């Protein structure tokens, strides 16, 4: 869309829009961007400023005047100034009485002040109706019109009507208002734009920790051990061989951790005989980040797939294959096809492919636009039934892949188990417990508990 | 978000919300979850219950009283009890007169009762305005706030104003109301949460059937035939070789089936000389599940790609390659590069890669959030032009891959054609007919018919 | 959903919907489809037609009458006739006075007429309130209910109340209204459905041009050169080898072009000492199509990955490997593992895999539904931090891959540099400049400029 044409549009004499005038305090970046967008959407805009002279930066069609004058022209006033300068508003208390003040401010740190900016504003001008909104929208996005990032505008406030007015403006600007309740929610809303993937913190830290541990474990067994005992330099294993061991291990462990809390919750419910007591806090938190855990697991699985598929292109692998063939030829030995080996190799590859395919399917259904289009029963079917099938296939893939090593003493270098065995502990435990929970003697009471039945009914928490 | 803080929020004395009181009949799981969410959003909530004592389970801030008392406090009453217990409401008919009753109930089977629960409620309390809503939202999703599944709330009812009131509440709770018309739509809405991918049933059953057929066909020709005639055990082909034949065949057949109904529709329209007569029912249904057919085809194609890319890692393939090299060496034979073979091999791989790439592109544009951001012309361009290009590339990939086998008698084991030939029938027919339809002598009348022209104009159906 | 049942639904005597009657002028395809949908949603519908007899095509439940009669029955009139026939409306001017006229028309060419259809309508019937809407929705989508394409309905008009009425209808039909401002926006809205990926034009044309250039460059060096000097026929390189050189080159160049405008903008801002002067037009346009450039780059990268992964399956590659082994055997030479080669091969593969993985991640976060769920800080983090990491990894991948060729004279056939060197120019320049910009002596003033500071404050543009 052409910006110039839309500017003209709003100024056109033909336009008989009856939108009410909107006032903006502050001619900074955000104030101007918001003014620009409001004018585009047909609102008459006045700016309130300490130095009320029109500059070339003020969007065309807007007037600039003193704070007091501007405030009198409109019922809604956007406070696009920084919290530190709010106190001058007390002098305007009379004019602002009954007006809707929209606090658009943000802080630079989480929980910077004891109370939220919006509440502070509400204390300064008790007669006004303060609404928190627009703080999650950037000036740049407003100005350029390319709202690639979120279109969601979180709105909160104590006065329902004032909130409705602001939400109408949000909608007119082509954004999506989300009512967050009373002004007490402003603190959370003000923290929101400062957050950086809060739900992802635990899964990512966990996987970083595990990656570090497994990296040094593999380094010791695969690089240092052969160097010490066989004087072989396998340092290049750091690039592909070792990562391609760590990735599937982490994928499987994290996938196991996605389903572990569900199993634990079932055990707790069975033990307590009721579903009406809160789970321990750590379990609650764990359950809420299962989606993130699963997606990190999917990321590791995808990288594992790529690492595996490039194997035949690797210079080392090509050398090893040709070396083996040449030594066979020189020893004049022809090998017959070992069908057992063919079976093992083909079946772990097939299991892995199917498991990965289902895993990707799970990932796709967790896309917001897809999960929004399925009903609850379908969502549960995909996330629970398909999820467990994925876990079973991936665990089987790992078991078939490394089954032969369990009983081979040579794989226990330095008396340490091969690294891939670690990956099996959690998924196998989950699958075993889940299998036990399917038995009717446990499944029936569990189902009844989940439908609201209590073993010892009592209203004590 | 912290649950505790939001509870406090709603109770805070500062909050001067003017939302109207909402009543909930029933203190079961769903009633309590809904109450919790309503209180969070600033609604005063009263519960109507047979045993009106406040328990620790009732969300903080809500009052519990008898049904009659609770009903008098609010204009909107959510009936969060099961259909079997509805009949006690007849005794409250007077109090409920003129109130908005929101039926949130679900059944456990599709079409369990002759009339929908909402219609039954409306018959029991004829003076009330019954609105069906919220039945697609789960208690768990309301309580935890993690509405991963659908945010859509289907609403229907005979009274427009009552419906508007309910839709406002839906919006305030951060959900998306979808007006489905009069109360007669309640039956469909009540069936909705019981459905499990109804549009996917036909594509999945079809592909299961075809998979079974092709599996046994391949088993006979690839495993049993060599076992019988050459005493070779190729049973491990079941893991990768045979699936990697079935997947591309199904992908191509299903992709052909996506475009076949469009071609059939064009023929029917040309034959009838009008577009104003309904297509046969099976064709209508077929056209509506084209997207699902295409996505299942894409799934098969993706698995085919993975199966193909692991080929060089397979133990059997490595053995075969080294066996061939060793036998060449032992016979002291060096082969020259066969450029024809190189051309065939490279071009079918290239065609397959490009076809698959376009196929994935089609899949991505069918994601709701992507297709929602393109206009009609762009959507048609992608789904029709790019779609046919995909079909052409994939068919060419298959033709180049297996062209040499058509004339080789050894590929007709037991007088049966190689399995991949089956995959070419539908796509080739579609492409030939489509090619014929492009000729001006057919394309021109077709375009005119689609613009509304009729060969024998008559208003008879 | 069953169409028949919903028809019945609307006609059911029980339905006491109080929706206001809506009038549609024109019984063509779109008019009928719209009428059908409106009746389904509970609106009484009357059609205005030149020949007012009910035909079997008119949706059940609608009445057909003369234009004048129909117009009198409703406050909102949809003008579902073509612009050429608008002039008869002047004769109805009196009846249409004060009514809301909804212009749903489209043109067949961009900017076909001097003024938009909606403005023309408004000039013809000055007393009516004209609203532009529904032109982006297809009759087929309305009729079939399968709104796979956009659900967005762009609405504009000079009368705010009239616009609200139309937007309410849009919402009731299950579509999403987007207020685009005054009637002057109608021109843009009418052009919208005629557009075919306007933002993608530049990236696609650019990559087509570059592809052509690099194709002939590679053809000369890889096919013609060996044919001329060594009489070798490598024509089959056209299928995979050459595309697999072009794809990574284009991916890297386009990825560089995504980050180049940001770097240029920083230099311009530093030089000017202010951010309040507009960038040159070409830079503005370039910045707005960065997302599309990036996605085209991702497409090339994906095809490159597929082309690379099929390498070991290629008939030519298999021949080359076995040829090499056989010649080694015949010369009785065994090669020792070259760890340097193993390091180079493994590390460029690992860099490529990680770069591609991050690239796909960037692609996923650019999906509308995902980017809609992250806040501004998160979006910036992903697009900027992860984006630069991707660029670094991909450039390193290319450098490690081809490093050895820089100093080898044999790679400069016909005195031309190997083609892959071209791909390094832009990304390396971007990375070098970006690295320089990170130095505090440049970073500090830049940050201050971006926060609004000006070196020579003056309000001149």
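Would you confirm whether or not the stretch B:314-328 contains a residue that is free of Cβ contacts under 8 Å to residues at least 12 places away in the same chain, crowded, with 18+ Cβ neighbours inside 10 Å, within 14 Å of chain C (Cβ to nearest Cβ) and more than 30 Å from residue A:305 (Cβ to Cβ)?
Yes, the stretch B:314-328 contains at least one residue that is free of Cβ contacts under 8 Å to residues at least 12 places away in the same chain, crowded, with 18+ Cβ neighbours inside 10 Å, within 14 Å of chain C (Cβ to nearest Cβ) and more than 30 Å from residue A:305 (Cβ to Cβ).
Given the structure, is residue B:404 closer than 22 Å to residue B:262 by Cβ and more than 10 Å from every other protein chain (Cβ to nearest Cβ)?
In short, no.
Cβ-Cβ below 6 Å, separation at least six or inter-chain, first residue in the stretch A:281-295 and free of Cβ contacts under 8 Å to residues at least 24 places away in the same chain, second in a helix (DSSP H, G or I): which pairs?
Close Cβ pairs satisfying both conditions: A:283/A:261.
Mind counting the residues in the stretch C:105-121 that are under 22 Å from residue C:23 (Cα atoms) and either without any contact (Cβ under 8 Å) to a residue 12 or more places away in the chain or in contact with a strand residue (DSSP E or B) (Cβ under 6 Å, 6 or more places away or on another chain) (or both)?
3
Mind checking which residues of the stretch B:344-373 are at the interface with another protein chain (Cβ under 7 Å from one of its Cβ atoms), crowded, with 21+ Cβ neighbours inside 10 Å and closer than 23 Å to residue C:199 by Cα?
Answer for the stretch B:344-373, where residues must be at the interface with another protein chain (Cβ under 7 Å from one of its Cβ atoms), crowded, with 21+ Cβ neighbours inside 10 Å and closer than 23 Å to residue C:199 by Cα: just B:371.
Is it the case, given these coordinates, that residue C:225 is more than 14 Å from chain B (Cβ to nearest Cβ), free of Cβ contacts under 8 Å to residues at least 24 places away in the same chain and in a helix (DSSP H, G or I)?
Spelling it out, it is not the case that residue C:225 is more than 14 Å from chain B (Cβ to nearest Cβ), free of Cβ contacts under 8 Å to residues at least 24 places away in the same chain and in a helix (DSSP H, G or I).
For the stretch A:373-398, how many residues meet the condition of being more than 18 Å from residue A:292 (Cβ to Cβ) and without any contact (Cβ under 8 Å) to a residue 24 or more places away in the chain?
The total comes to 9.
Being in a helix (DSSP H, G or I), within 13 Å of chain A (Cβ to nearest Cβ) and in contact (Cβ under 8 Å) with a residue 12 or more places away in the chain is the filter here; which residues of the stretch B:184-210 pass it?
If the condition is that a residue be in a helix (DSSP H, G or I), within 13 Å of chain A (Cβ to nearest Cβ) and in contact (Cβ under 8 Å) with a residue 12 or more places away in the chain, then B:189, B:190, B:191, B:192, B:193, B:194, B:199, B:200, B:204 are the ones that fit.
Please indicate, with yes or no, whether at least one residue in the stretch C:63-81 is surrounded by 18 or more Cβ atoms within 10 Å (Cβ to Cβ) and at pLDDT below 85.
no
Quick one: residue B:299 ticks every box in (1) more than 10 Å from every other protein chain (Cβ to nearest Cβ); (2) within 20 Å of the chain's Cα centre (by Cα) bar one, so which box is it?
(1)
Does any residue of the stretch A:374-381 turn out to be under 30 Å from residue A:225 (Cβ atoms) and in the same structural domain as residue A:264 (by the TED database)?
no
Out of contact with any helix residue (DSSP H, G or I) (no Cβ under 6 Å at 6 or more places or on another chain) and surrounded by 18 or more Cβ atoms within 10 Å (Cβ to Cβ): is that true of residue B:249 in this structure?
no
Within the stretch A:261-275, is there a residue that is within 11 Å of another protein chain (Cβ to nearest Cβ) and either surrounded by fewer than 20 Cβ atoms within 10 Å (Cβ to Cβ) or touching a helix residue (DSSP H, G or I) at 6+ places or on another chain (Cβ under 9 Å) (or both)?
Yes, the stretch A:261-275 contains a residue that is within 11 Å of another protein chain (Cβ to nearest Cβ) and either surrounded by fewer than 20 Cβ atoms within 10 Å (Cβ to Cβ) or touching a helix residue (DSSP H, G or I) at 6+ places or on another chain (Cβ under 9 Å) (or both).
The values are calculated or read from the model by the stated rules, or taken from the named source; none is laboratory data. Here the structure is a predicted model, which means the values were calculated and not measured. As a convention, Cβ positions derive from the backbone with ideal geometry for all residues, glycine included, and neighbour counts pool all protein chains shown.
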